[in-house]
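Participant: Attaching a single structure in structure tokens format; questions to follow.
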Amino acid sequence: MKRLVSRIRQPVKREGADDYLLITLLAFGASVGVTRLFLELTGYPQLGTSTLHIAHVLWGGLLLFAAALLPLLFANRWVYTAGAGLAGIGVGLFIDEVGKFITQTNDYFFPAAAPIIYVFFLLTVMLYMQIRRPPTRSARTELYRAFEALEELLEHDLDAREQAELQARLEYVRSQTDHPVFARLAERLIDVLNHDQLQLVPDRQDPVERFLAWLEAVEVRWFPRTRFRAILIGGLLGLGVLAAIGLTRLVLALPAPESLEELFLDLFQRGQVTSVRGLNWYAARLALEGSVGTLLVLAGVLMLLGREQFGVALGYLSLLLALTTVNLIVFYFDQFSTILTAGVQFLLLLGVIRYRRQYLMQRNLPDS
């Protein structure tokens with residue numbers, strides 16, 4: 001057992017691990033959303049016969065198996081990108097049928113299925129945020145990444161920027177006197193990088209870099225600060241008012257028993273509530289939505305009045321609360337029809353973060 005434990009090396013985060021996980025995350029979300037939309041539009045067709053039913057969970061398992069095989073069979077770096085995409089689509093197709101696996105009746109439309117999928121997605125987002133943190137730097141980890149980057153040299157696809165990044169890693173390793181063997185290996189690799197016969201390809205941006213550059217150009221041209229600020233204020237106020245409508249309707253109906261009865265009857269007829277306990281949960285949902293909606297409206301008003309620091313901070317916390325807490329119970333009652341709202345909330349959260357970094361954090365920097 002000791003020998004087995006001694007062979008387990010300390011894990012090293014792969015270069016580009018956050019990019020691969022992001023691809024998995026996006027493919028996962030798109031897979032669930034597109035699958036539900038396709039089934040809704042086509043009337044939930046079934047592939048099979050009177051005896052067999054080939055559920056899409058099987059296709060998800062097949063894609064997951066392919067994603068697991070690729071890095072075992074091939075050493076090229078493109079394998080990780082392909083595997084990340086296949087894994088995301090596969091897990092989306094798999095978990096989309098979670099309702100069938102947690103109920104005795106194999107109920108695909110079980111109300112708790114949507115929150116379970118959403119929680120799984122949020123946990124993956126949390127993992128992504130952890131992976132994005134810069135790893136601890138050491139000679140060993142830098143050599144791992146350097147060896148991975150050397151594939152560009154083997155494929156005759158090394159450009160000047162990649163050469164400079166690779167050389168900087170190796171220079172760091174060479175400067176670490178605690179590892180003389182690593183330092184000597186790094187020195188030899190640096191000699192290879194500086195060899196006269198090494199041919200470099202023209203420096204070019206990858207698709208992600210081109211997309212980010214395009215986004216920056218669009219932001220500069222179409223979204224100056226005043227317009228950006230107006231969009232954020234409109235988004236915060238709009239989402240806040242929409243979130244508070246349900247609670248407002250309930251509060252207004254409280255003094256009139258006939259209006260309250262009509263409201264409850266409507267919920268039962270639509271199938272959103274099927275018991276008294278469900279009614280209590282629905283009331284809790286309206287209270288949470290209304291509270292967050294009020295905070296969003298307050299954030300928009302603060303920004304409108306020029307209190308941008310407080311408005312942006314309150315908007316950020318409110319949107320984070322909506323995405324991580326309120327949406328769990330909303331998904332239970334509204335199922336996947338709330339995906340669009342969650343998407344708008346997420347985009348608005350990204351906008352708030354971008355606005356804070358672009359315009360508000362610079363105030364704390366020195367004039368130089």
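Participant: How large is log10 I(q)/I(0) at q = 0.13, 0.25 Å⁻¹ when the Debye formula is applied to the Cα atoms of the range 276-343, each weighted equally and without solvent?
Facilitator: For the requested q values the scattering log ratios are -0.41, -1.03.
Participant: Using the alpha carbons of the range 32-173, what is the convex hull volume per residue in cubic angstrom, as a whole number?
Facilitator: It comes to 174 Å³ per residue, whole-number rounded.
Participant: Sequence-distant or interchain residues sharing an amide H contact under 5 Å with residue 159, placed H: which?
Facilitator: It is 201, by chain and number.
Participant: Separation between the residue 13 and residue 347 pseudo-spin-labels, each 7 Å from Cα along Cα→Cβ, expressed in nm?
Facilitator: The modelled label-to-label distance comes out at 3.0 nm.
Participant: How many times 2.2 N^0.38 Å is the alpha carbon radius of gyration of the range 119-183?
Facilitator: It is 1.45.
Participant: From the phi angles alone, apply the Karplus equation (6.51, -1.76, 1.60; θ = phi - 60°) to the range 230-241 and give each ³J(HN,Hα) in whole Hz, x where the residue is Gly or Pro.
Facilitator: 5, 5, 5, 4, x, x, 5, 5, x, 5, x, 5
Participant: Provide, in order from the shortest bin, the percent of all Cα-Cα pairs of the range 126-227 in each 5 Å bin, continuing until the bin that contains the maximum pair distance.
Facilitator: For the range 126-227, the pair-distance distribution reads 2, 11, 16, 16, 15, 14, 11, 7, 5, 3, 1, 0.
Participant: Now a separate question. Go through the range 55-100 and name the chymotrypsin sites (Phe, Trp or Tyr not before Pro) that are in a DSSP coil and have 15 or fewer other Cβ atoms within 10 Å of their Cβ.
Facilitator: 74
Participant: A further question follows. Against the longest principal axis of the chain, how steep is helix 339-355, in degrees 0 to 90 to the nearest 10, with axes from Cα atoms?
Facilitator: Helix 339-355 and the main axis of the chain meet at about 50 degrees.
Participant: Helix-only estimate, please: 222 nm mean residue ellipticity of the chain, summing -39500 (n - 2.57) across DSSP H runs of length 4 or more and dividing by its residues, to the nearest 500.
Facilitator: That comes out to -23500 deg cm²/dmol.
Participant: Rounded, prolate or oblate, given the Cα gyration tensor of the range 1-87, with a/c below 1.5 counting as rounded?
Facilitator: In terms of gyration-tensor shape, prolate.
Participant: A further question follows. In degrees from 0 to 90, rounded to the nearest 10, what is the angle of the helix 276-304 Cα long axis to the longest principal axis of the chain?
Facilitator: For helix 276-304, the angle is close to 60 degrees.
Participant: Also, quick follow-up: Going from the alpha-carbon gyration tensor of the range 158-197, what semi-axes, largest first and in whole Å, does one get by taking the root of 5 times each eigenvalue?
Facilitator: Sorted largest first and rounded, they come to 20, 11, 5 Å.
Participant: Tabulate in residue order the Karplus-calculated ³J(HN,Hα) for the range 198-214, using 6.51 cos²θ - 1.76 cosθ + 1.60 with θ = phi - 60°, rounded to whole Hz; enter x for Gly and Pro.
Facilitator: After applying 6.51 cos²θ - 1.76 cosθ + 1.60, I find 6, 9, 9, 8, x, 5, 8, 8, 7, x, 5, 5, 5, 5, 5, 5, 5 Hz.
Participant: Divide, for the range 85-163, the radius of gyration over alpha carbons by 2.2 N^0.38 Å, where N is the residue count.
Facilitator: 1.78
Participant: Mind checking the angle between helix 139-149 and the chain's longest principal axis? C-alpha axes, 0 to 90 degrees, to the nearest 10.
Facilitator: 90 degrees
Read-outs: derived from the displayed coordinates by stated rules, not from any lab. Just so we're clear, the structure is a prediction, and the values are computed from it rather than from any experiment. Neighbour counts run over all protein chains shown; Cβ positions are idealised from the backbone, glycine included.
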